[in-house]
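Q: Attaching a single structure in structure tokens format; questions to follow.
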Amino acid sequence: MIENGSMLRNEVPVLVFHKVDPAFEWGVTRVNPQHFRRILSVLKANHYQTVSLYDLFNQNQRLPEFPLVITFDDSYDSIYEYAYPILQEFGYTATVFVITGFAGSLNDWDVNLGGIKFRHLSWAKIKTLSESGFEIGSHTVHHPDLTRISRDTLIKELTQSKSHLEDQVGKPVHFISFPFGRYNDEVIHECRQAGYRHGCGFWIRKKNDLSFVFERKAYYLFDNAWSLKAKLDHHWGRVIENIKLRAVNFCSHGTSLVKPSKFERYNK
């Protein structure tokens, strides 16, 4: 085990997945379950052990020699159906960021290329994951770009999702994942006011954000063993991974532009 202070906790790799699903989609956020199992096999072979975000940021918590955080954005049903049993095989847990307004429903907030839709986790499954040691975090109520909405709507998205999750799972919610990875100073301020300890994106805008925001590395359909190593290690390969991530993230902004009217209807 690593003693407190013997490693930089902000250097612990934090991976993010979205869908672990055999079903076809036109996007790149899906990973086939067999591929996901191979990823975990590589992690296990390299002695990685999963920890929660709460333990990662708890200075009194001892960390294993090779700590790793696995997170899931969007709380798709495939997390329970496919990722959960595979994670159990390897003795791993994860953090699931839930879009509370779509629990048990289809992902109508998304663009749904080709009309292909995916279902989100039901509250019953979210509770089961929580009871199994999975950490539950907020991904807001409706998955808006938090930098493009009014302050009043921002506060609702942050506070209502947190309180609903805490009521459902019976545990405090300490972390939030910013939809599309986008945030600004106002978002950080309101997150702190709402009681979140940290927020996660895909990269840090500026050094001062480090007191609240931490980075994660997303794993996509086109990733492989080489890119996984680059996401885990601090070496030159991360430059390429960051370029790929920014390209995918830039394309994802289209959702908040294509469907603003639907989001506004939710918040009337």
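Nothing in this text is a laboratory measurement; each read-out follows from the coordinates by a stated rule. Fair warning: this is a prediction, and the values are worked out from it, not measured in the lab. All Cβ positions, glycine included, derive from the backbone under ideal geometry; neighbour counts span all protein chains shown.
Q: Of Lys156, Lys206, how do they rank once you tally other Cβ atoms within 10 Å and put the fewest first? If you can, show how the numbers build up before the last one.
A: Numbers: Lys156 16, Lys206 8.
In order of increasing Cβ crowding within 10 Å: Lys206, Lys156.
Q: Pop out the Kirkwood hydrodynamic radius of the range 175-233 from its pairwise C-alpha distances, inverse of mean 1/r, in Å to one decimal.
A: Across the range 175-233, the inverse of the average 1/r is 12.6 Å.
Q: Run the helix sum for the chain: -39,500 (n - 2.57) per DSSP H stretch of 4+ residues, divided by residue count, reported at 222 nm to the nearest 500 deg cm²/dmol.
A: Values: 10 runs with 97 residues, N = 268.
-10500 deg cm²/dmol, from helical runs alone.
Q: To continue, here is another question. Pull up all non-local amide H partners of Glu135: gap of 5 or more, or a different chain, and H-to-H distance under 5 Å with H placed in the peptide plane.
A: Ala94, Thr95, Val96
Q: What size of dipole, in debye to the nearest 20, comes out for the chain about its Cα centre when the only charges are +1 on Lys and Arg C-beta atoms and -1 on Asp and Glu C-beta atoms?
A: So the dipole magnitude of the chain works out to roughly 400 debye.
Q: Something else: So how do Ser227, Ser75 line up by other beta-carbon neighbours within 10 Å, fewest first? It would help to have the intermediate numbers written out before the result.
A: Numbers: Ser227 18, Ser75 27.
Ranked by crowding around the Cβ, least crowded first: Ser227, Ser75.
Q: Still on this structure, I have one more. Amide H of His198: which non-local residues (sequence gap of 5 or more, or other chain) have their own amide H closer than 5 Å, using H built in the peptide plane?
A: Ile176
Q: Where both partners of a DSSP beta bridge lie in the range 9-266, what percent of those bridges are antiparallel, to the nearest 5?
A: The antiparallel proportion sits near 10 percent.
Q: Using the Kirkwood formula over every pair of different C-alpha atoms, what hydrodynamic radius in Å results for the range 41-166?
A: On the way: mean 1/r = 0.0630 Å⁻¹.
One over the average 1/r among Cα pairs gives 15.9 Å for the range 41-166.
Q: Size of the dipole of the range 153-197 about the Cα centre, Lys and Arg at +1 and Asp and Glu at -1 on the beta carbon, nothing else charged, in debye to 20? Spell out each step's value before the answer.
A: Values: 6 positive and 6 negative charges, 27 e Å.
Computed about the Cα centre, the dipole is about 120 debye.
Q: In addition: Can you pull the Rg over Rh of the range 133-247, Cα-only, Kirkwood?
A: Here the Rg-to-Rh quotient is 1.01.
Q: Sort Phe202, Phe24 by Cβ crowding within 10 Å, fewest neighbours at the top.
A: By the 10 Å Cβ count, ascending, the order reads Phe24, Phe202.
Q: Counting only DSSP beta bridges with both residues in the range 84-224, tell me the antiparallel percent, nearest 5.
A: Numbers: 1 of 11 bridges.
Bridges in the range 84-224 are about 10 percent antiparallel.
Q: Right, something else. Taking just the C-alpha trace of the chain, give me its Rg and Dmax in Å.
A: Here Rg and the maximum Cα pair distance are 17.4, 51 Å.
Q: Collect residues whose amide H, placed 1.01 Å from N in the peptide plane, falls under 5 Å from the amide H of Leu63; neighbours closer than 5 in sequence don't count.
A: Here the answer is Ile2, since their amide H atoms fall under 5 Å of that of Leu63.
Q: Turning to a different aspect of this structure: Could you give the size of the charge dipole of the range 90-170 about its Cα centre, using +1 on the Cβ of each K and R and -1 on the Cβ of each D and E, expressed in debye and rounded to the nearest 20? Don't skip to the end; give the middle numbers.
A: Numbers: 8 positive and 9 negative charges, 25 e Å.
That gives a dipole near 120 debye.
Q: Please report Rg (one decimal) and Dmax (integer) in Å for the Cα set of the range 101-176.
A: Rg and Dmax of the range 101-176, Cα atoms, are 13.4, 38 Å.
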